[in-house]
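Data block below; observations after.
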Amino acid sequence: MELKQMAPSIHILWLLSIQFLVLVNGGKIPAIIVFGDSSVDSGNNNYIPTVARSNFQPYGRDFNGRRPTGRFSNGKITTDFISEAFGLKPAIPAYLDPSYSISDFATGVTFASAATGYDNATSNVLSVIPLWKQLEYYKNYQKKLRAYLGDRKANGVISGALYLISVGTNDFLENYYAIPGRSSEYTIEEYESFLVGIAASFTEKLYELGARKISLGGLPPMGCMPLERTGNLMGGSECVDSFNNLAADFNGKLNALVIKQNKKFHGMQMVFSDPYGILIKIIQKPAVYGFEVTAVACCATGMFEMGYACSRRNPFTCSNADEFVFWDSFHPTQKTCSIIATYIVQNALAKFLSL
């Protein structure tokens, strides 16, 4: 990453963190394997028929080579920085990208799909890859890995890898509160429990397939996303407290699930990675982290645009994304992702650096 892409103090902190963590880790985590939504999709949606895509400019304008990859960011996303922190590749490739092969995926791969959720009904909204299908891709990955490395080495990668799961926001904002269906079937508390049940089943299936080190990601303060603030006219376009409270409550239930699963499954080492706290601090005190704008995003007007609405021809797109917490109305900038990654590595994933 170039120095100009990050406030100097934050950039130096990140570099020092990387150097220290790589030194301590010594390559003990052989791979990063990722499941989830647009927060961790590096381009799988480029290869399926959906409108939930970002493989066009200005997306990726600050990525290596200034090319759009399918990441919903101006550059890297959180999982890329986490991979780098563990001494692995600086960017995690998408499983469906034909320009990569099993030799690339052996040390890191994402099966994530933008606009998906825990709930299959969420993935149906924009015809993206549901979690169960991501798991099927992972099973296929295991077969390819064994053919490439041999059973013994492949089993070592599978059991030693760090599995990152980041999903759930779309279940509420794109599904429950956006379209008829689940809201008539469940109260919001019941729907939360329904989703937690899916998370429990998914992590159990990962365990049965050999995963041991698992990070279950929480929700961000989704009421502070520019899209939600734009719609909060009666509230002066401030953060929507009800959505933030929902995210915090759901995170509490996910954390309880992590504790329960660790007790239930022998050898499971699951942690809860919570982006809520660090992101709300950034939003409340942006200058401390080198930001200037929190209420709107960099892309287009920053009020409601994402995906195809973020046209490269839009004259309102900002010139310096590092001044903004959000890149589009739903997703953080590369700089924000780097700060979140540093926090998560140091506070949730540190135990995997010393195993």
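The values are calculated or read from the model by the stated rules, or taken from the named source; none is laboratory data. Bear in mind that the values here come from a model prediction, so they are computed numbers and not experimental data. With ideal geometry, Cβ positions are generated from the backbone for all residues, glycine too; neighbour counts draw on all protein chains shown. We work out accessible area using only protein heavy atoms, side chains counted, and drop any ligands, DNA or RNA first. Shrake-Rupley method; radii C 1.70, N 1.55, O 1.52, S 1.80 Å.
Numerical summary
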{"quantity": "Criterion: small (Gly, Ala, Ser), within 17 Å of TYR343 (Cα to Cα) and touching a residue at least 12 places away in the same chain (Cβ under 8 Å) - qualifying residue of GLY267, GLY217, GLY302, GLY223", "calculated": "GLY217"}
{"quantity": "Given (1) open to solvent by 20 Å² or more (accessible area, probe 1.4 Å); (2) touching a residue at least 24 places away in the same chain (Cβ under 8 Å); (3) over 18 Å from the mean Cα position of the chain (by Cα), index of the condition LEU257 fails", "calculated": "(1)"}
{"quantity": "Selection from the range 107-162 of residues that are touching a residue at least 24 places away in the same chain (Cβ under 8 Å) and among the hydroxyl-bearing types (Ser, Thr, Tyr)", "calculated": "THR107, THR110, SER113, THR116, TYR118, THR122, SER127, TYR137, TYR138, TYR141, TYR148, SER159"}
{"quantity": "Long-range neighbours under 9 Å by Cβ, at least six apart or interchain, first residue within 19 Å of SER338 (Cα to Cα) and assigned to a loop (DSSP other than H, G, I, E, B) within the range 313-324, second modelled with pLDDT under 90 and not hydrophobic (A, V, I, L, M, F, W, C)", "calculated": "ASN320/LYS4"}
{"quantity": "Near pairs, Cβ below 9 angstrom, 6+ apart or cross-chain, from the range 163-185 (within 23 Å of VAL40 (Cα to Cα)) to any residue that is open to solvent by 20 Å² or more (accessible area, probe 1.4 Å) and part of a strand (DSSP E or B)", "calculated": "TYR163/LYS213"}
{"quantity": "Flag if TYR138 is surrounded by 17 or more Cβ atoms within 10 Å (Cβ to Cβ) and either in a loop (DSSP other than H, G, I, E, B) or in contact with a helix residue (DSSP H, G or I) (Cβ under 9 Å, 6 or more places away or on another chain) (or both)", "calculated": "yes"}
{"quantity": "Subset of the range 283-312 (residues that are closer than 21 Å to GLY231 by Cα, in a helix (DSSP H, G or I) and of a type outside the set (Gly, Ala, Ser))", "calculated": "ILE283, GLN284, TYR308"}
{"quantity": "Unmet requirement for LEU279, which otherwise passes all of (1) touching a helix residue (DSSP H, G or I) at 6+ places or on another chain (Cβ under 7 Å); (2) over 27 Å from ILE188 (Cβ atoms); (3) aliphatic (A, V, I, L, M)", "calculated": "(2)"}
{"quantity": "The range 32-48 - residue that is in a loop (DSSP other than H, G, I, E, B) and aliphatic (A, V, I, L, M) and, of those, nearest to GLN334 (Cα to Cα)", "calculated": "VAL40"}
{"quantity": "Subset of the range 260-275 (residues that are assigned to a helix (DSSP H, G or I) and surrounded by 18 or more Cβ atoms within 10 Å (Cβ to Cβ))", "calculated": "GLN261"}
{"quantity": "Whichever residue in the range 53-70 is open to solvent by less than 10 Å² (accessible area, probe 1.4 Å) and either under 15 Å from the mean Cα position of the chain (by Cα) or small (Gly, Ala, Ser) (or both) and, among such residues, is nearest to GLY217 (Cα to Cα)", "calculated": "GLY70"}
{"quantity": "The range 23-52 - residue that is modelled with pLDDT under 95 and on the phi < 0 side of the Ramachandran plot and, of those, surrounded by the most Cβ atoms within 10 Å (Cβ to Cβ)", "calculated": "ASN25"}
{"quantity": "Within the range 49-91, considering residues that are part of a loop (DSSP other than H, G, I, E, B) and aliphatic (A, V, I, L, M), the one nearest to THR336 (Cα to Cα)", "calculated": "ILE77"}
{"quantity": "TYR118 vs. criteria at pLDDT 95 or above, assigned to a loop (DSSP other than H, G, I, E, B) and either aliphatic (A, V, I, L, M) or crowded, with 24+ Cβ neighbours inside 10 Å (or both)", "calculated": "yes"}
{"quantity": "Hits in the range 98-110 - residues which are open to solvent by less than 30 Å² (accessible area, probe 1.4 Å) and closer than 22 Å to ILE48 by Cα", "calculated": "PHE105, GLY108, VAL109, THR110"}
{"quantity": "Any hit, the range 90-97, residues being under 16 Å from MET306 (Cα atoms) and without any contact (Cβ under 8 Å) to a residue 40 or more places away in the chain", "calculated": "no"}
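Table: residues versus (1) closer than 19 Å to SER39 by Cβ; (2) surrounded by fewer than 22 Cβ atoms within 10 Å (Cβ to Cβ).
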| residue | (1), (2) |
| --- | --- |
| ASN320 | no, yes |
| PHE324 | yes, no |
| TRP327 | yes, no |
| THR333 | yes, no |
| THR336 | yes, no |
| TYR343 | yes, yes |
| ALA348 | yes, yes |
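Yes/no per residue for (1) acidic (Asp, Glu); (2) under 30 Å from VAL325 (Cα atoms); (3) surrounded by fewer than 18 Cβ atoms within 10 Å (Cβ to Cβ):
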site	(1), (2), (3)
GLY181	no, no, yes
ILE198	no, no, no
PHE202	no, no, no
PRO220	no, yes, no
CYS224	no, yes, no
